[in-house]
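Since the structure comes first, as structure tokens, the remarks are kept for the end.
No value in this document is a laboratory result; all are computed from the given coordinates. Small disclaimer: the values here were computed from a predicted structure and weren't measured. Virtual Cβ from ideal backbone geometry, glycine too; neighbours counted across all protein chains shown.
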Amino acid sequence: MNSALTRVRLLGAAALIAVAAFVIAQTPRPAQTQTPGTPARFSEKEAHRPTPIPDRVILTWTGDPAHTQAITWRTDPSVTKSVVDFAVADGGPLFVKQARRVDARTEALTTDLGAAHYHSANLSGLEPKTLYAYRVGDGANWSEWFQFRTADTSPQPFSFVYFGDAQNDLKSLWSRVIRDSYRQASDIRFFVHAGDLINSRTRDAEWGEWHTAGGWLNGMVPSVPTPGNHEYSRDAAGKAMLTPNWRPQFTLPLNGPARLPETAYYLDYQGVRIVSLNSNERQEEQATWLAEVLRDNPAQWTVVTFHHPIFSSARGRDNTELRRLWQPVLERSRVDLVLQGHDHTYARSNLQTGAGALDPVGGTVYVVSVSGPKMYNVERLPWMARMAEDTQLYQVITVDGNRLRYAAHTATGQVYDAFELRKRPGRANQLVERVPKDVPLRLRVAPPVPAAPPAAPR
Ligand SMILES: [Fe+2]
């Protein structure tokens, strides 16, 4: 009896141990690398997981900015049908009762973090020069009501912002740049992103950070993005592959070369023709296309953006083939301003009429800039009218009749560089320097060695 009782007790103890072991095995534990008292890093998959509630809401254009507005957003794959409600905005809340509803197009995208649905709609038939409000959703889950303003049909003064490479530390360090640009010039009509918006084309977390940094600004101020080399990689056969996020998340014009959809395109906004070229591939084909697009250009001002600079501002990064192919077209077509990135420095030219410029009255200003925190050294070159190292910048560009005003601001809002272009019929633009006199060059120079203090008298 005693031995039987012992066996029962032993079996009971063994069962208890087994249950305890099972419970311990099932209890969620922190990452193995965590030491007691150290917080664990939250997973990117959770941090950027889509839900039925719209996020990554972004305005772009695929048509005329005076009469259309494209809107794109993301949800989880459970949302298969989405809509946009929109109305002319009003000071009171009852405008929502006037809202019209349009269906969105839904596209699936699977990234390294999982599956999502992207939804896009192009509002058309809008009134020019009008403030609209809109929300996006599935009928049960909605965004807030955002507001945007349509362009005028004729040339009118306006401002836009240009960013060089954002690329790294998008949430922690680039966010302050895009946000300060809106604080600086809140009536800006669009953001130009000159490539390398992110660092790794296949990492959805980086796109998540990019959208987080822009946040609700992207729902109110349209974006005009061009891709950089970091939006690309090459497959085994050397074929260029654009980040899979690009086309689902940006709804852009299809008026460029057929094999470069939504990366090479143009828009006309109140007297300015803005052209995005894709400097990563098919450069020769785009030179021909650009010449055609600018041959019958009704706009008074022409701004072109692409990623790889015609004149590099960092050592060992010269793009000779791109310069050979594109500089003659840019200058012959009287492009006023070229906005570029890639070199992680700041450099701005005076009016350039290079060897390839066939028009003696032309003259183009070239800018390389950087908005994110990755920094290279400037190669000091004679063409640079103003340069900077180790500086995050954004540019506010204002077009007002025959004047174009340009100001480069640091991430803290300080004007670092400025100039004005004046249009003169039948003659080259006049460039008036407005570089602030009291702002020293921001260059990496070895700090002067302090002189040895005189020996103290004994
Ligand atoms: Fe780049």
For this session: With a 10 Å radius around each residue's Cβ, average the other Cβ atoms per peptide and rank 231-244, 256-269, highest first.
Result: 256-269, 231-244
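Ranked from highest to lowest mean number of other Cβ atoms within 10 Å per residue, what is the order of the peptides 316-322, 88-94? Let's see the in-between values first.
On the way: 316-322: 13.7, 88-94: 10.4.
Packing order, densest peptide first, comes out as 316-322, 88-94.
Only helices at least 20 Å long along their axis, Cα-based, and averaging 1.0 or more on Kyte-Doolittle count here, so list those DSSP H runs from the chain.
On the way: long enough: 2-26 (36 Å, 1.44).
Qualifying helices, which must be both long enough and hydrophobic enough, are 2-26.
Which pairs, out of 97/129; 45/374; 97/171; 129/374, put more than 28 Å between their alpha-carbon atoms? Let's see the in-between values first.
Values: 97/129 22 Å; 45/374 25 Å; 97/171 37 Å; 129/374 38 Å.
Pairs exceeding 28 Å: 97/171; 129/374.
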Exercise. Around residue 364, what is the net charge, scoring Lys/Arg as +1 and Asp/Glu as -1 over all other residues with Cβ under 9 Å from its Cβ?
Worked result: -1
Seminar exercise, completed: Between the residues 146, 109, 73, the Cα farthest towards the positive end of the dipole of the range 45-149, that dipole coming from +1 and -1 charges on the beta-carbon of Lys, Arg, Asp and Glu, is from 146
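State the Kirkwood hydrodynamic radius of the chain in Å, one decimal place, computed from all pairs of distinct Cα atoms.
On the way: mean 1/r = 0.0410 Å⁻¹.
Hydrodynamic radius (Kirkwood, Cα only) of the chain equals 24.4 Å.
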Exercise. Taking the range 45-149 as the region of interest, what is the percent of Cα-Cα pairs per 10 angstrom bin, listed from the shortest bin to the one with the maximum distance?
Worked result: 15, 46, 28, 10, 1
Exercise. Amide H to amide H, which residues 5 or more places from residue 385 or on other chains are under 5 Å from it, using H placed in the peptide plane?
Worked result: 348, 349, 350
Exercise. For the range 322-428, rounded, prolate or oblate, judged on the Cα gyration tensor with a ≥ b ≥ c (square roots of eigenvalues), a/c < 1.5 rounded, else prolate if a/b > b/c?
Worked result: oblate
Seminar exercise, completed: Phi angles of the range 49-62, converted by Karplus (6.51 cos²θ - 1.76 cosθ + 1.60, θ = phi - 60°) into ³J(HN,Hα) in whole Hz with x for Gly and Pro, give 5, x, 10, x, 7, x, 9, 6, 6, 8, 8, 8, 10, 10
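Using Stokes-Einstein with the Kirkwood hydrodynamic radius over Cα pairs, what translational diffusion coefficient do you get for the range 257-357 at 4 °C and a viscosity of 1.567 mPa s, in µm²/s rounded to a whole number?
Details: Rh = 13.9 Å.
The Stokes-Einstein estimate is 93 µm²/s.
With both bridge residues required to lie in the range 178-319, what share of the DSSP beta bridges run antiparallel, to the nearest 5%? Please report the intermediate quantities before stating the final value.
Values: 8 of 17 bridges.
Of those bridges, close to 45 percent are antiparallel.
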Seminar exercise, completed: In whole Hz, the Karplus estimates of ³J(HN,Hα) for the range 392-399 (6.51, -1.76, 1.60; θ = phi - 60°; x where Gly or Pro) are 8, 10, 9, 10, 9, 10, 10, 10
Seminar exercise, completed: Along the range 156-163, Karplus-curve 3J(HN,Hα) (6.51, -1.76, 1.60; θ = phi - 60°) to the nearest Hz, with x for Gly and Pro, reads 9, x, 6, 10, 9, 10, 10, 10
Exercise. So how do 219-228, 424-433, 177-186, 139-148 stack up, highest first, on mean other-Cβ count within 10 Å?
Worked result: 219-228, 177-186, 139-148, 424-433
Seminar exercise, completed: Amide H neighbours of residue 202 at under 5 Å, excluding residues fewer than 5 places away on the same chain, with H built from the backbone geometry, are none
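Among DSSP bridges having both ends in the range 158-433, what percentage is antiparallel? Round to the nearest 5.
Values: 40 of 60 bridges.
Among the beta bridges of the range 158-433, antiparallel pairing accounts for roughly 65 percent.
Just subtract the alpha-carbon distance of residue 44 and residue 400 from 0.36 nm times their residue separation and send over the number in nm, one decimal. Please list the in-between numbers first.
Working: separation 356, 0.36 × 356 = 128.16 nm, distance 4.45 nm.
Answer, rounded to one decimal: 123.7 nm.
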